[in-house]
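**Student:** The structure under discussion is supplied below as structure tokens; questions concerning it will follow.
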Amino acid sequence: MYRFLVRARALDVELVRWHRQGIIPGFPPSIGHEATQVGAAAAIDTGRDFVFPMYRELALALALGVDMRAYLANHNGDWNGGSFDPVAAHVTPIQAVVGSNGPHAVGWALGQRIDGRDGVALACIGDGGTSQGDTHEAMNFAGVWRLPVVFLVTNNQWAISVPVSQQVAGGSIAARAAGYGFPGVAVDGNDVLAVRAAVTDAVQRARDGGGPTLIESKIYRRGPHATSDDPGRYRTLDDERRDGGEDPVIRYRRSVRERGVIEESDVAEVDAEAARWVEEIRLHLTTLPPRGGEELFTDVYEELTEDLLEQRAAWEESTRA
Ligand SMILES: Cc1ncc(C[n+]2csc(CCOP(=O)(O)OP(=O)(O)O)c2C)c(N)n1
Ligand SMILES: [Mg+2]
């Protein structure tokens with residue numbers, strides 16, 4: 001888990017630089033989300049469970065075994081959510097439609113019930129995403145049908161420029177679970193071991209037929225919403241220092257060092273290995289050929305509609321030299 005935390009952080013920091021250098025058109029940093037995501041991934045069995053992540057879940061995808069070169073094709077302008085195979089990975093493509101993961105995960109979990117399988121769906125939602133009707137519908141049906149779903153709500157205190165106090169009147173997202181008839185727990189999302197324990201318990205309960213759990217992972221969005229955002233317009237550096245809490249990667253480094261899990265020399269080795277790995281990804285991204293425009297018309301329908309056939313013909317006409 002420590003290696004994953006370090007790799008995720010190293011890649012995240014570089015991706016912001018790559019955006020400034022024009023290598024990628026945009027990126028929503030996951031800095032500060034690493035412990036929540038690596039801890040959750042450690043509780044998931046990708047042989048039978050299925051994960052429905054949002055757009056800020058780089059560390060989660062990494063720790064679930066998704067090839068970051070394929071994943072980042074999305075941020076390089078690839079329209080189809082990255083070029084990894086979601087069916088093989090048991091991880092859906094990057095999802096930017098806020099709140100949609102809930103219904104997707106619940107539908108998949110219902111499929112598991114119908115097929116007599118024991119897989120558990122992990123639905124990743126943000127604090128802002130809990131304001132969406134989709135999230136209510138998903139939690140309601142999951143509760144009524146006692147489906148094997150773990151709702152992991154990452155409360156990073158912000159939805160772009162809107163603080164959580166303007167989204168959640170009751171003061172707690174975890175407490176909402178009571179209304180849906182399943183347990184809700186709040187966890188310190190900067191503590192990778194605490195998150196792993198909470199998600200492990202919830203997955204086991206779901207697998208045993210105990211139904212859903214809502215886990216509210218409390219963290220802080222340490223970076224901007226995305227590379228296009230200027231947080232200085234809605235929060236100050238003093239706010240960030242006051243509210244940010246302890247950096248989850250530094251915290252876990254201290255923990256594994258104090259417990260003698262790794263030596264000081266291992267810290268340097270893990271850092272160096274992560275830097276080499278990040279450089280391989282940069283070389284890959286900077287040498288990718290552009291995607292073919294004809295891909296706009298593939299993978300949408302098995303048979304193209306009249307409309308799309310016309311559009312394809314027009315596109316072919318316009319690209320003829
Ligand atoms: C349905 C929908 N509405 C609005 C948006 C625009 N939007 C993108 S991210 C975002 C904020 C989401 O905040 P939160 O769920 O807390 O996730 P975070 O970005 O903090 O990880 C919004 C409103 C969207 N992508 N989808
Ligand atoms: Mg948020």
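The values are calculated or read from the model by the stated rules, or taken from the named source; none is laboratory data. For clarity, every value in this text was computed on a predicted model and none was experimentally measured. Counting neighbours? That spans all protein chains shown, and the Cβs are built from the backbone with ideal geometry, glycine included. Keep in mind that these areas ignore ligands, DNA and RNA; they rest on the heavy atoms of the full protein, side chains included. Shrake-Rupley method; radii C 1.70, N 1.55, O 1.52, S 1.80 Å.
**Student:** Taking H placed 1.01 Å from N in the peptide plane, check which residues at least 5 places from ALA186 or on another chain put their amide H under 5 Å from its amide H.
**Tutor:** GLU216
**Student:** Taking amide hydrogens as modeled 1.01 Å from N in the peptide plane, which residues meet the under 5 Å criterion relative to VAL91, leaving out close sequence neighbours?
**Tutor:** Those lying under 5 Å, H to H, from VAL91 are VAL51.
**Student:** With a 10 Å radius around each residue's Cβ, average the other Cβ atoms per peptide and rank 282-291, 297-306, 144-153, 9-18, highest first.
**Tutor:** Ranked by mean Cβ neighbours within 10 Å, highest first: 144-153, 9-18, 282-291, 297-306.
**Student:** Could you give the nm distance between label points at HIS136 and ALA226, where each point is 7 Å from its Cα heading toward the beta carbon?
**Tutor:** 2.6
**Student:** While we're on this one: Provide the gained length on full extension for the span VAL185 to ARG113, in nm with one decimal, where the gain is 0.36 nm per separating residue minus the Cα-Cα distance. Could you put the intermediate results ahead of the total?
**Tutor:** Values: separation 72, 0.36 × 72 = 25.92 nm, distance 2.44 nm.
So the chain would gain 23.5 nm between VAL185 and ARG113.
**Student:** Based on Cα positions only, what radius of gyration and what Dmax would you give for segment 159-239, in angstroms?
**Tutor:** Cα-based Rg and Dmax for segment 159-239 come out at 15.8, 47 Å.
**Student:** So, one more: Residue by residue through segment 130-138, which ³J(HN,Hα) values in whole Hz follow from phi under the Karplus form 6.51 cos²θ - 1.76 cosθ + 1.60 (θ = phi - 60°), with glycine and proline marked x?
**Tutor:** 6, 7, 7, x, 3, 5, 4, 4, 5
**Student:** Starting from 0.36 nm per residue, how many nanometres of slack lie between GLN311 and ARG259 once their C-alpha separation is accounted for? Intermediate values should be presented prior to the final figure.
**Tutor:** Details: separation 52, 0.36 × 52 = 18.72 nm, distance 6.19 nm.
Length difference between fully extended and current span is 12.5 nm.
**Student:** Here is a follow-up. When a/c reaches 1.5 or more, the comparison of a/b and b/c decides; with that in mind, is segment 2-290 rounded, prolate or oblate per its Cα gyration tensor?
**Tutor:** Rounded shape, in that the Cα axes give a/c under 1.5.
**Student:** Return the distance in nm (one decimal) between the two label points of a simple spin-label model at HIS284 and ARG233, each offset 7 Å from Cα along Cα→Cβ.
**Tutor:** 3.4
**Student:** Provide the per-residue ³J(HN,Hα) series for segment 233-240, in order, calculated from phi with Karplus coefficients 6.51, -1.76, 1.60 and θ = phi - 60°, each as a whole number of Hz, with x at glycine and proline positions.
**Tutor:** 7, 9, 8, 9, 4, 4, 4, 5
**Student:** Would you mind checking which residues have amide H under 5 Å from ALA73's amide H? H placed 1.01 Å from N; only 5 or more apart, or other chain.
**Tutor:** Residues meeting the amide H criterion: SER83.
**Student:** Under a 10 Å cutoff between Cα atoms, tell me which one of HIS33, HIS19, HIS75 has the largest fluctuation in the Gaussian network model of the chain.
**Tutor:** HIS19
**Student:** I'd like the FRET efficiency for ILE160 and VAL13, computed as 1/(1 + (r/R0)^6) with the beta carbon distance as r and R0 of 22 Å, rounded to 0.05. Mind dumping the intermediate values first?
**Tutor:** Details: r = 21 Å, r/R0 = 0.96.
Here the calculated transfer efficiency is 0.55.
**Student:** Further question on the same structure: Could you derive backbone 3J(HN,Hα) for segment 303-310 from the dihedral phi with the Karplus parameters 6.51, -1.76 and 1.60 (θ = phi - 60°), listing whole Hz in sequence and x where the residue is Gly or Pro?
**Tutor:** Along segment 303-310, the couplings run 10, 5, 6, 3, 4, 5, 4, 4 Hz.
**Student:** How big is segment 240-318 along each principal axis, measuring the range of its Cα positions in Å and listing the largest first?
**Tutor:** 65, 32, 25
**Student:** Just to be sure I understand the model, the point goes 7 Å from the Cα along the line to the Cβ. What's the resulting ALA194 to ARG291 distance in nm?
**Tutor:** 3.9
**Student:** Where is the GNM fluctuation largest for the chain (alpha-carbon springs, 10 angstrom cutoff): GLU295, GLU246, GLU280?
**Tutor:** Top of the fluctuation ranking is GLU295.
**Student:** If you don't mind, another one. Just the accessible area per residue of the chain, please: how many Å² with a 1.4 Å probe? Don't skip to the answer; put the middle values down first.
**Tutor:** Values: 15200 Å² over 321 residues.
Result: 47 Å² of accessible area for each residue.
**Student:** Quick one: work out the % antiparallel among DSSP beta bridges in the chain, nearest 5.
**Tutor:** The answer is about 10 percent antiparallel.
**Student:** Based on the Cβ-Cβ distance from GLU246 to GLU303, what FRET efficiency comes out when R0 is 51 Å, to the nearest 0.05?
**Tutor:** 0.40
**Student:** Here's something else I'd like to know. Quick one: which of 25-31, 254-260 comes out on top by average Cβ neighbours within 10 Å, and what's the full order, highest first?
**Tutor:** Going by the mean number of other Cβ atoms within 10 Å, highest first, we get 25-31, 254-260.
**Student:** When a/c is below 1.5 the answer is rounded, else prolate if a/b is larger than b/c, else oblate, so apply that to segment 79-178 with a ≥ b ≥ c taken from the square roots of the Cα gyration tensor eigenvalues.
**Tutor:** It comes out oblate by the Cα gyration axes.
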